[in-house]
1. Kindly indicate the residue of the stretch 253-272 that is among the aliphatic types (A, V, I, L, M) and within 19 Å of residue 38 (Cβ to Cβ) and also surrounded by the most Cβ atoms within 10 Å (Cβ to Cβ) among those meeting that condition.
2. Using beta carbons and a limit of 7 Å, which pairs, at least six apart or on different chains, have the first residue in the stretch 44-61 and crowded, with 24+ Cβ neighbours inside 10 Å and the second one part of a helix (DSSP H, G or I) and among the aliphatic types (A, V, I, L, M)?
3. Answer with yes or no whether residue 69 is of a type in the set (A, V, I, L, M, F, W, C) and surrounded by 20 or more Cβ atoms within 10 Å (Cβ to Cβ).
4. Taking the stretch 224-242, which residues are open to solvent by 20 Å² or more (accessible area, probe 1.4 Å) and among the hydrophobic types (A, V, I, L, M, F, W, C)?
5. Within the stretch 115-135, can you find the residues that are open to solvent by 40 Å² or more (accessible area, probe 1.4 Å) and in contact (Cβ under 8 Å) with a residue 12 or more places away in the chain?
6. If residue 27 meets every condition in (1) of a type in the set (A, V, I, L, M); (2) open to solvent by less than 60 Å² (accessible area, probe 1.4 Å); (3) closer than 25 Å to residue 142 by Cβ; (4) not in a strand (DSSP E or B) apart from one, which number is that one?
7. Would you check if residue 111 is open to solvent by 40 Å² or more (accessible area, probe 1.4 Å) and either at pLDDT 95 or above or on the phi > 0 side of the Ramachandran plot (or both)?
8. Just give me the residues in the stretch 80-99 being surrounded by 17 or more Cβ atoms within 10 Å (Cβ to Cβ) and more than 17 Å from residue 128 (Cα to Cα), in sequence order.
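The values are calculated or read from the model by the stated rules, or taken from the named source; none is laboratory data. Keep in mind it's a predicted model, so treat the numbers as computed, not measured. Using ideal geometry, Cβ is built from the backbone for each residue, glycine included, and neighbour counts are taken over all protein chains shown. For accessibility, only protein heavy atoms count, side chains too; no ligands or nucleic acids. Shrake-Rupley method; radii C 1.70, N 1.55, O 1.52, S 1.80 Å.
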Amino acid sequence: MRVTLLGTGDTTGTPTVGCDCETCREARERGVERTRFSVHIENERTGETLLIDASPDFRYQFLRDEVALPDAAVITHIHFDHLDGLGNVFRILRSLEVYAADETDPATGESVAETVDDDYHYLDAVTVHPTTPLETVRICGLDVTLVPVEHPPLSCYGLTVEDPETGSKLSLTGDTSYAIPERSRRQLAEPDLLLADAIVPASLCASHRAGGRHENADGVPRTFGTKHMTREGALELAAELDATETRLVHLAHFYPADEAFEEPLAIDGEVYEL
């Protein structure tokens, strides 16, 4: 499969609108960007394409990277930067199969699948498939498994995408703290490519009103606040999962400019052949 990182930024992206911080200036000077999160996966054997999360930057991302429009999509959770691009299918796609978790979220009283179905009931092209986490489904000729992660207060999911013929495996943590359940870690383990949420470096936890948590043996926070992993937490997770290659995503413009574009922090448009 061919994996294209359409969007590698957090909810505001980099450069951030109206921001003249050193990191946003550096991004403009380099001509790079991190739009809101989204991943495009092409099954080169069948010619089908799968979209992971529908970024609000959907239209721009597809025009910029010249990838094929999706045959199916997976929505990991209902925050706008992962869902609200779904409206872009209007008058563009005749049909889009959308997969999302079927578990009821105590915070909303409905599942991710139900929220997607309710919010986009007016789109005839969209067909929502409620999907049970940790049960594998075949989508676009690939085996997809949703895994529960921790992104309070909402239910959120990572996932794996595996090629049943070649055995190649992509794992995505989704938006999550370091406290990913053990069953989910087992499913995410040993990927050829891991895309891990790493919103900021651990050094910035002191600036968050909730601080940091899930400290390692050296006292370094692996979670920023309550919702996202730090860079250090994501890299420790990658080592634990024995990932062959790791790219850090969902990155904020709060990274210091001298760190913001260093390996293994991803930028938009990267392509990986698994």
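1. To start, the set of residues in the stretch 253-272 that are among the aliphatic types (A, V, I, L, M) comprises 257, 260, 265-267, 271.
Of the ones still in play, those that are also within 19 Å of residue 38 (Cβ to Cβ) are 265-267, 271.
Working: 265: 19, 266: 22, 267: 20, 271: 12.
The residue in question is 266.
2. From residues that are crowded, with 24+ Cβ neighbours inside 10 Å, the pairs are 54/83; 54/86.
3. Values: of a type in the set (A, V, I, L, M, F, W, C): yes; surrounded by 20 or more Cβ atoms within 10 Å (Cβ to Cβ): no.
Considered against the rule, which asks whether it is of a type in the set (A, V, I, L, M, F, W, C) and surrounded by 20 or more Cβ atoms within 10 Å (Cβ to Cβ), residue 69 comes out as no.
4. We begin by selecting, within the stretch 224-242, every residue open to solvent by 20 Å² or more (accessible area, probe 1.4 Å); these are 224, 226-228, 231-232, 235-236, 239-240, 242.
Within the stretch 224-242, 224, 235, 239 meet the criteria.
5. If we filter the stretch 115-135 for residues that are open to solvent by 40 Å² or more (accessible area, probe 1.4 Å), which is where we start, we get 117-119, 121-122, 124, 127, 129-130, 132, 134-135.
Those that are open to solvent by 40 Å² or more (accessible area, probe 1.4 Å) and in contact (Cβ under 8 Å) with a residue 12 or more places away in the chain: 119, 127, 129, 130, 132, 134.
6. (3)
7. Values: open to solvent by 40 Å² or more (accessible area, probe 1.4 Å): no; either at pLDDT 95 or above or on the phi > 0 side of the Ramachandran plot (or both): yes.
It is false that residue 111 is open to solvent by 40 Å² or more (accessible area, probe 1.4 Å) and either at pLDDT 95 or above or on the phi > 0 side of the Ramachandran plot (or both).
8. Selection gives 81 alone.
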